[in-house]
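J.: Handing you a structure now.
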Amino acid sequence: MNITDLISGNIGSQAVDSISQKLGVDKDKAQYVVAAAVPLMMSALNYNANKSPEQANGIQNAIDSKHNGSIFDNLGALFNQGPTEDEDKIVNHMFGRNTDNVKETLSAKTGLDIKKIAGILALVAPLVMGYLGKKKQESAGETASTGGGIGDLIGSVLGGGGSGAAAGGLGGILGNILGGAGANNSQPNVGGGLGDLVGDFFNQDKDKESKGGILDALTGMFGK
């Protein structure tokens, strides 16, 4: 499983179908939100993990205690239950002060109300965390031998082999672009391509029209 499975693969397709039915959302709009949310969430987690040891430990503890990847053994339970307050908290931890900005921009682009957007994000967030938990278990031996932490894990996910989304998940595109956020930067320290898009989206000085265009670009890359 690679991370594009959460967007356009089997898991992503199941998520979109279930979200559409559970929340009463048009399928194309659900797909748009999912395709934008996954790279935004992974980018935000990468930034948080590299921002400070405390942030990295918080993500590490969340993965160890709650998100070990077992969610993929019973996705029906997640979608049948629907979004919960705990899952909404995951979204808030991921995006921090950008949470309302993410919801408002997605709402403006899709025409869905904020509550529906919040519900979709709350269902996508545990999938992203579960994916990291699964990858952590798979790489446990290697991580232990190299001494790498959660930041290295996310970096390895983003930097997976291949050239482009089809070849290596988000890895070929995100690789070195999102891999090195500095601890003192107000935004992820990213360099060209998709990294610029994500960094610009979280830039507080960007207007809503610009942010909407960034979402269109993200979904164009991963929403097909």
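J.: Show me 131-137, 83-89 ranked by packing, highest mean number of other Cβ atoms within 10 Å first.
T.: 131-137, 83-89
J.: Still on this structure, please answer the following. How much length is gained if the chain between Asn203 and Ser139 is pulled fully straight, taking 0.36 nm per residue apart and subtracting their Cα-Cα distance, in nm to one decimal?
T.: 19.7 nm
J.: Multiplying the sequence separation of Thr84 and Asp64 by 0.36 nm and subtracting their Cα-Cα distance, what value in nm do you get?
T.: Taking Thr84 through Asp64 to full extension adds about 5.2 nm, to one decimal.
Every number here is computed from the coordinates shown, using simple stated rules; none is lab data. Keep in mind it's a predicted model, so treat the numbers as computed, not measured. Quick reminder, even Gly has a Cβ in these numbers, built from the backbone with ideal geometry, and neighbours come from all protein chains shown.
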